[in-house]
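S.K.: A single structure is presented below for examination.
The values are calculated or read from the model by the stated rules, or taken from the named source; none is laboratory data. Just so it is clear, the structure is predicted and the values come from calculations on it, not from any experiment. Every residue, glycine among them, receives a Cβ derived from its backbone with ideal geometry; neighbour counts consider all protein chains shown.
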Amino acid sequence: MSQKFEARFDEFIKELGGERIPPAKTPGEQRADYLFRCAALSIDVILELKSLEEEGYEFYLSKRQAMISEWLRTGKLIVVGQAAVNYRDLSPELRSDWDAILYPFVQNLVRAANRQIKKTKIDLNLPDAKGVILCANEGNYAHFPTDFLTIVGRIFNPKRKQYTSTDSVEYFSTPGVGLASVAGVPNGAGWFIGAQRETKDPALETFRANMRKCYGKWLAREQGLIHREHMVDPDTINKARPKFGIEVVKTIKK
C-alpha cells in the first residue's frame, strides 16, 4: 500500500474518532490497524486495512494471465481485436475457472486480516469487539466490486464457521480509482461497499453506514470534487466498466 494513501487514511480515521493501534510487542506478530471505542453504539470496532495490490496480487495476476492464455489457445475464448477480459461477459464455464483462482486470493487476504484482528482482541482484552476488514483498491481492475464481495459471501457462509473474528468486509476505492460512467454511475465515481456476516448486528450496521457516507465525502475532498452519494443496485455496478479505452470483449463458447 502506498505510504501516502495510508498516511491520509490515518487522518480520515482520526476524523471519525478512531485511533491507530500500537504494534504488537512480540516480534513477528501483527495487530490490526485501527480501533473505534464506540460508546454511543455500545460496541468497540477493530479494523484491519489491506491493499489488494499487496496481498498476493502479483501471483493472482500471473495465474489469471496463464488461465486466459489457455482459453485463447484452446479456443474457449475468442477475442476480436484488443480487449479486456471481463468476468461478467464470460460463460458460466469460464467464470468457474476464474473463481477457482479468485477465491483463494480473497480467502488468503481474509485469513491474514482475521488473524490480526483476533490477535488484537486478545491483546487489548476486547473479546466482544466487532472485527472489520478494510480492503483498499488502489487500481485493481481485474474484477469488479460485487465480484469480490460474492467471494466474501461464500467465505462467510454460516456452514463454514471460519474466520469468526471478522464480522464484515468493506471494499473501497482509493483517490483516483473509479468506475466508468454507465447506467447512472457517474464517470470516475468511487465506491465503498461491503458485506456483513449473518446474523447482522444493527449497531455495526449503523457504524458501517456512517463510515461509508463519511468516506464518500472524504474521497471527494481529496480529489477536489463535489460529493454526491449515489445509491445504485448491484446489477448497475456489475455493468460498469473501467476506462481501458479499448473494444468490448466478445466471447464464444465452443
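S.K.: Quick test for you: out of 156, 105, pick the one residue that is closer than 15 Å to residue 64 by Cα and in contact (Cβ under 8 Å) with a residue 24 or more places away in the chain.
M.R.: Values: 156 fails: closer than 15 Å to residue 64 by Cα.
Criteria check complete, one pass: 105.
S.K.: Right, here's the next one. Is it fair to say residue 99 is out of contact with any strand residue (DSSP E or B) (no Cβ under 9 Å at 6 or more places or on another chain), of a type in the set (Asp, Glu), on the phi < 0 side of the Ramachandran plot and touching a residue at least 40 places away in the same chain (Cβ under 8 Å)? Before the answer, list the steps.
M.R.: Working: out of contact with any strand residue (DSSP E or B) (no Cβ under 9 Å at 6 or more places or on another chain): yes; of a type in the set (Asp, Glu): yes; on the phi < 0 side of the Ramachandran plot: yes; touching a residue at least 40 places away in the same chain (Cβ under 8 Å): yes.
Yes, satisfied.
S.K.: For the list (1) out of contact with any Pro (no Cβ under 8 Å at 6 or more places or on another chain); (2) touching a residue at least 24 places away in the same chain (Cβ under 8 Å); (3) under 24 Å from residue 198 (Cα atoms), I need the number of the one condition that residue 127 fails.
M.R.: Tallying (1) out of contact with any Pro (no Cβ under 8 Å at 6 or more places or on another chain); (2) touching a residue at least 24 places away in the same chain (Cβ under 8 Å); (3) under 24 Å from residue 198 (Cα atoms), residue 127 fails exactly one: (2).
S.K.: Among (1) assigned to a loop (DSSP other than H, G, I, E, B); (2) in contact with a strand residue (DSSP E or B) (Cβ under 9 Å, 6 or more places away or on another chain); (3) modelled with pLDDT of 80 or more, where does residue 161 come up short?
M.R.: It fails just one condition, (2).
S.K.: Counting only residues that are in a loop (DSSP other than H, G, I, E, B) and surrounded by 12 or more Cβ atoms within 10 Å (Cβ to Cβ), how many does segment 64-107 have? Steps first, please.
M.R.: To start, the set of residues in segment 64-107 that are in a loop (DSSP other than H, G, I, E, B) comprises 75-82, 84-86, 90-91.
Subset that is surrounded by 12 or more Cβ atoms within 10 Å (Cβ to Cβ): 76-79, 84-86, 90-91.
Residues flagged as in a loop (DSSP other than H, G, I, E, B) and surrounded by 12 or more Cβ atoms within 10 Å (Cβ to Cβ) within segment 64-107 amount to 9.
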